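> Okay, handing you the structure first.
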Amino acid sequence: MEFSDKLIEKLSKAKNVAVLKGAGVSAESGVPTFRDPGGIWEKFRPEELANFEAFMRDPDFVWSWYQHRREIMRDVTPNAGHYALAEMENLFENFDLITQNIDNLHFRAGSRNVTELHGNIERNFCIKCRHFAGEIDITEKKVLKCEKCGGLVRPDVVWFGEMLPMEALRHAEEAAANADVFFSIGTSAEVYPAAMLPVIAKRAGAYSVEINLNRTAISYELDETLTGKSGQILSELVNKIKEAGK
Ligand code: BV8
Ligand code: ZN
């Protein structure tokens, strides 16, 4: 992959780098995305599943869907994109990995400074007393009941119509506003408020770069779009940054 002199120059001088990561980064690990052909939303509409009303309407159905996604996550491993992002953490003074994904692949690849905007599928809590459940049996299709109060247990993910965790969103907005270089990687940039972050960064003066197989709703706003698979592009970019003396 050819990288522009401008991008390499910006990165070699950058102090603060931030990344907004989406399902496309985990796609190369075998985790289905949402809006691509064969993606999760092809079979169900988000409104039917990833929201509180759907859960209250049919807790077993929604719970079993997350159990199915947890089973997929158990069988996958981080890919080159995750490892490259973990390595980037050591190349810059401040490196913020802001993820919309609810899997643990970035942690398993070694990333430490991660902001989870939409929660994490491995955490589950009671909707009545907010007690967090311990280890769960991911083969159990019937919704889990709280061991403390018998209430319904839900995944600790942000559903449509729900607020994002305030501290995570505040930190992400600050990282975007202070970034010298901001990457939007493997996201269709259709879900708000996460999709605002690359635009906040660009308008605050960051050099903004999109890495995606296709153009997205925000491509026109950004300085550069690198078209291709995030795993390959990120690995080559890390090598280039190191060659440039970082
Ligand atoms: C909120 C967790 C308000 C659950 C998720 C109308 C206009 C604007 C906004 C709205 C609107 N109507 C409603 C809204 C708000 C709504 C929203 O944005 N809706 C959109 C869809 C229109 N947002 C919300 O509801 C948010 N909350 O606004 O609250 C509020 C305010 C005050 C008080 C109370 C409430 C909550 C949003 C969070 C929803 N939860 N997930 C779960 O996962 O089960 S969203 C879900 O979408 C995932 O988190 C996912 O990460 C996120 C974004 O998807 P992507 O990651 O981008 O994945 P996608 O498949 O779309 O794209 C993959 C991309 O990767 C593609 O571009 C593809 O080309 C690329 N790719 C594929 N392979 C590769 C690749 N790129 C590189 N390499 C590859 N190999
Ligand atoms: Zn409880």
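Nothing in this text is a laboratory measurement; each read-out follows from the coordinates by a stated rule. Just so it is clear, the model here is predicted, and its values are computed rather than measured. Note: ideal-geometry Cβ built from the backbone for every residue, glycine included; neighbour counts use all protein chains shown.
> So how far apart, in nm, are the two label points at GLU162 and LYS148 if each is 7 Å from Cα heading toward Cβ?
Each label point lies 7 Å from its Cα, and together they span 1.7 nm.
> Take every Cα pair under 8 Å in the chain that's 6+ residues apart, average their separations, divide by the length, and report that relative contact order as a whole percent.
25 percent
> According to a simple spin-label model (label point 7 Å from Cα along Cα-to-Cβ), what is the distance in nm between GLU140 and ARG74?
1.3 nm
> So if R0 is 30 Å, what FRET efficiency would ILE127 and HIS171 give, r being the distance between their Cβ atoms, rounded to the nearest 0.05?
For ILE127 and HIS171, the calculated efficiency is 0.70.
> Identify the residues of segment 10-34 with backbone N under 15 Å of a label point that sits 7 angstrom from the Cα of ALA204 along the Cα-to-Cβ direction, or state none.
So the set is 15-20.
> Just the projected area, averaged over all directions, of the convex hull on the alpha carbon atoms of the chain: how many nm²?
Spelled out: convex hull of the Cα atoms, projected over all directions, averaged, 12.7 nm².
> Just list whichever of LYS21/LYS148; LYS202/LYS246; LYS43/LYS142 have alpha carbons separated by over 25 Å in the model shown.
Values: LYS21/LYS148 36 Å; LYS202/LYS246 23 Å; LYS43/LYS142 21 Å.
Result: LYS21/LYS148 exceed 25 Å.
> Continuing with this model, one more query. Counting DSSP beta bridges with both partners in the chain, what percentage is antiparallel, nearest 5?
DSSP beta bridges in the chain are roughly 25 percent antiparallel.
> Ranked by Cβ crowding within 10 angstrom, fewest neighbours first, how are ASP137, ASP103, ASP223 ordered? Walk me through the intermediate numbers first.
Values: ASP137 7, ASP103 23, ASP223 16.
Going from sparsest to densest Cβ surroundings: ASP137, ASP223, ASP103.
> Still on this model: R0 = 41 Å: FRET efficiency of LYS15 with PHE52, Cβ-based, nearest 0.05?
Result of the calculation: an efficiency of 0.50.
> Looking at the square roots a ≥ b ≥ c of the eigenvalues of the Cα gyration tensor of segment 197-246, which shape do they give, rounded for a/c under 1.5, prolate if a/b is larger than b/c, or oblate? Let's see the in-between values first.
Numbers: a/c = 3.22, a/b = 1.36, b/c = 2.37.
Because a/c hits 1.5 or more and a/b fails to exceed b/c, segment 197-246 counts as oblate.
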